[in-house]
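Shown next, in structure tokens, is the structure this report addresses.
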Amino acid sequence: MAKRKRLTPPVAQDVAHAPEMKGMFTAAPAGQVPVSHRNGLAPSTISRTAPIADMAGAAAAQAALEEVSAELSAARAEGRLIHKLRTIDVDPAHLMRDRVEIDAEDLRTLMTSIRTRGQQTPIEVLETGPDRYGLISGWRRLAALARLHEETEDPQFAYVQALIRRPLNAHEAYVAMVEENEVRIGLSYYERAQIVARTVEAGVYPNTKKALQTLFASASRAKRSKIKSFLPIVEKLSSVLSHPAAIGERFGLDLAKHLEDAEAVASLRATLQAGLDAGPAPTAEAEQALIAQVLGDAPETTVPATRSARSDIPKGEDIAPGLRMVRSRSRLSLIGPGVTDALEDRLRMLLSES
């Protein structure tokens with residue numbers, strides 16, 4: 001019987017004499033590959049990142065940058081980007097203004113608001129040259145900032161926040177101006193009629209009909225009709241009126257009817273001009289009382305408006321806030337901002353019941 005060879009377990013060799021096992025890489029921090037430099041320099045490591053991740057991240061960053069740039073370019077082109085401009089670089093008279101005058105108390109209130117809270121709403125301008133702009137809307141805000149800078153010399157009031165619009169033509173610029181004022185602070189009928197007349201004179205529109213339909217496209221037909229009725233006041237009396245914007249709707253419509261008579265126009269112009277030549281401009285109430293007096297008399301002769309004659313003008317009586325009653329011979333007039341359609345309806349009802 002053959003003897004089996006006994007297998008003995010291998011004897012562990014001394015680790016120090018174990019054969020050297022060389023791998024592809026020596027120990028190095030995760031994600032780094034050791035690199036041996038020539039000329040006996042010590043080995044160093046270089047960072048190794050995934051190429052696909054690198055490209056994806058760079059592409060995403062580039063796409064985000066392009067999106068932001070495109071949005072800024074679109075906002076600038078569409079006039080949605082607010083710019084900080086020097087007030088002295090904005091020409092307030094670039095367009096013929098529709099607002100005749102600004103109430104001193106309203107301006108002071110706006111100045112107080114801007115001083116306390118800053119400019120809350122940007123104005124609208126258009127570029128007229130390098131660092132030069134023409135005002136479209138925001139005349140009151142621009143005036144308030146200019147006055148604040150003049151009074152305080154505070155450099156913060158030397159600048160105005162503005163949207164730079166790019167209207168295709170003058171039509172769009174004037175429409176933008178009128179619409180902004182209609183929304184924020186309603187114009188008087190005289191001011192509406194004046195901008196119609198002035199834009200026609202300047203050749204912006206071929207006639208008053210086109211100007212009315214374009215500037216006041218959102219207004220009702222009845223409102224455009226009333227604006228049209230005020231045009232004779234603008235055309236025949238603008239140079240001799242001191243407070244045309246104070247003429248109310250009813251008073252203005254009645255005045256426009258009288259201006260169909262050439263003699264009445266001549267008489268009224270002469271009277272108002274003489275009053276201006278005699279001294280300081282009258283108040284709005286005194287001016288309307290004088291108009292009522294002239295229209296209430298037969299316009300065959302001119303009513304002299306010397307200083308002594310002006311003292312005889314009926315001053316009237318304040319019968320309610322914003323409402324003054326003036327009597328001239330057989331004529332009784334109600335003057336002031338309190339003359340509204342509601343008041344007329346109440347008077348009609350009262351008189352019909354008497």
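The values are calculated or read from the model by the stated rules, or taken from the named source; none is laboratory data. These figures come from a predicted structure and were not determined experimentally. Every residue, glycine among them, receives a Cβ derived from its backbone with ideal geometry; neighbour counts consider all protein chains shown.
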Of the residues in segment 224-250, those that are within 26 Å of the chain's Cα centre (by Cα) and over 22 Å from residue 209 (Cβ atoms) number 6
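Can you confirm whether residue 163 is buried (at least 21 other Cβ atoms within 10 Å of the Cβ) and modelled with pLDDT under 90? If you could, list the steps in order and put the result at the bottom.
Numbers: buried (at least 21 other Cβ atoms within 10 Å of the Cβ): no; modelled with pLDDT under 90: yes.
Answer is no for this residue.
Checking the structure you have, find out if any residue of segment 195-207 is of a type in the set (D, E, K, R), exposed (fewer than 13 other Cβ atoms within 10 Å of the Cβ) and modelled with pLDDT under 90.
Residues of segment 195-207 that are of a type in the set (D, E, K, R), as a first pass: 198, 201.
Subset that is exposed (fewer than 13 other Cβ atoms within 10 Å of the Cβ): 201.
If we keep only those that are modelled with pLDDT under 90 too, we end up with 201.
Yes, segment 195-207 contains a residue that is of a type in the set (D, E, K, R), exposed (fewer than 13 other Cβ atoms within 10 Å of the Cβ) and modelled with pLDDT under 90.
Mind checking which residues of segment 217-260 are among the aliphatic types (A, V, I, L, M) and within 15 Å of residue 335 (Cβ to Cβ)? Step through it out loud before you land on a result.
Taking segment 217-260 as the starting set, the residues that turn out to be among the aliphatic types (A, V, I, L, M) are 217, 219, 222, 227, 231, 233-234, 237, 240-241, 245-247, 253, 255-256, 259.
Scanning segment 217-260 gives 241, 245, 246, 247, 253, 255.
Kindly indicate the residue of segment 105-117 that is free of Cβ contacts under 8 Å to residues at least 12 places away in the same chain and not β-branched (Val, Ile, Thr) and also farthest from residue 139 (Cα to Cα) among those meeting that condition.
Here is the first cut: in segment 105-117, the residues free of Cβ contacts under 8 Å to residues at least 12 places away in the same chain are 105, 108-109, 112-113, 116-117.
Applying the additional criterion that residues be not β-branched (Val, Ile, Thr) yields 105, 108, 113, 117.
On the way: 105: 16, 108: 14, 113: 16, 117: 19 Å.
So, considering only residues that are free of Cβ contacts under 8 Å to residues at least 12 places away in the same chain and not β-branched (Val, Ile, Thr), the one farthest from residue 139 (Cα to Cα) is 117.
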